[in-house]
Amino acid sequence: MFQALAGFYVQIVVFTALCALGAVGVVLVISARTGHTLVHPDRTWRLDELPAETPALEPLAFPAADGTRLAAWFLAHPRPQGTVLLLHGFGVNHFGLVHLAYDLLAHGLQCLLFDFRGHGASEGEVTTLGLRERRDVIGALQYLRSRGDVDPDRIGVYGVSMGGATALLTLEDGMGVRAIVTDSAFATLRGAIDHGFRRIAGLPPSIFRTPTVWFSSRFVGEKLAHVLGRVRPIDRIKHTAPCPLLIIHGTEDDVVYVQDAYQLYVAADGPKELWIIPDAGHGRAYEKLKDAYVERVAGFFLNAFGRTCST
């Protein structure tokens, strides 16, 4: 009897161990897949249609601060009131901002669009979601200041999602601009990743974060934990002062908590505005309130270009 009972307990232990190993295997597979996706964005994304009967985008290229070649496009205005650098989000490319660029052009604002490293037609195989991308923004600002048709004292930056977060991170490097607009920017990269696991994938971040970070680090060639610790716009946003700052966020954002916008607003110094748009999803405020959105953003830049600002 005791032998049979012992054998039964052994079977339970073996079964439990196999289940545990299976669960670990599932976690590792999901984490590896997520880690790969996290640093290897889709390079092929584009709009099905581009604005018709509008001035052509001027294709060009310039180096990032570390020499990475970035594909870019310039939209010139014959009598510009200023120039806006447009920064796209993760997993897309400059096509996501083309319509907004043409709308800003109609208000006298010429625009520079480019693909972040690892996105679209630019060099680079991976993204670090803002850390290395700061070098891309620095290169773009240096390029703009080299153009004869750009007033270096009237340059603004607009960024959506990762682009907005990267704009805030870049200010620490001393690249002064006259105004910044962010839409759906995250306060911390760690928080955005945890939110993605919890809200989008329905997975507990406490279980999946560490193995996902480990796999991502292998792909990037750099400890992603180091990246997570440094990609914290909330710690850098105070460096926007005294540049005017407009923070935009939708209440139905399922990628970045709308609370991130409130946190960034509170942490910012200097002139600042917060625009929370009801029922707008992640980076969808422009589509939901196009006319009002363009008027608010264009007006913000035009007003800001009339005041002195440096970082």
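The values are calculated or read from the model by the stated rules, or taken from the named source; none is laboratory data. Not measured: the values here are computed from a predicted model. Positions of Cβ are backbone-derived with ideal geometry, glycine not excepted, and every protein chain shown enters the neighbour counts. Only protein heavy atoms, including side chains, enter the accessible area calculation; ligands, DNA and RNA are left aside. Shrake-Rupley method; radii C 1.70, N 1.55, O 1.52, S 1.80 Å.
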Residue among ALA261, ALA192, ALA267 that alone is open to solvent by less than 30 Å² (accessible area, probe 1.4 Å) and at pLDDT 90 or above: ALA261
Selection from the range 107-133 of residues surrounded by fewer than 21 Cβ atoms within 10 Å (Cβ to Cβ), over 13 Å from the mean Cα position of the chain (by Cα) and over 23 Å from GLY148 (Cβ atoms) yields ALA121, GLU123, GLY124, GLU125, VAL126
Within the range 146-158, is there a residue that is closer than 21 Å to ALA285 by Cα, hydroxyl-bearing (Ser, Thr, Tyr) and surrounded by 24 or more Cβ atoms within 10 Å (Cβ to Cβ)? yes
Testing LEU274 on (1) closer than 11 Å to LEU168 by Cα; (2) open to solvent by less than 70 Å² (accessible area, probe 1.4 Å), one condition comes back false. Which one is that? (1)
Conditions (1) within 20 Å of the chain's Cα centre (by Cα); (2) surrounded by 15 or more Cβ atoms within 10 Å (Cβ to Cβ); (3) in a helix (DSSP H, G or I): number failed by GLU287: (2)
Name, by its number, the condition in (1) farther than 21 Å from ARG296 by Cα; (2) modelled with pLDDT of 95 or more that does not hold for CYS111. (1)
Pick from the range 265-284, criterion of a type outside the set (D, E, K, R) and assigned to a strand (DSSP E or B), ranking: nearest to ARG178 (Cα to Cα): LEU274
In the range 57-84, which residue that is of a type in the set (Val, Ile, Thr) and in a strand (DSSP E or B) is nearest to ARG147 (Cα to Cα)? THR83
Can you tell me which of TRP45, TRP73 is at pLDDT 95 or above and open to solvent by 30 Å² or more (accessible area, probe 1.4 Å)? TRP73
Just to be sure, is PHE95 touching a Lys or Arg at 6+ places or on another chain (Cβ under 8 Å), open to solvent by 10 Å² or more (accessible area, probe 1.4 Å), aromatic (Phe, Trp, Tyr) and under 21 Å from ASP183 (Cα atoms)? yes
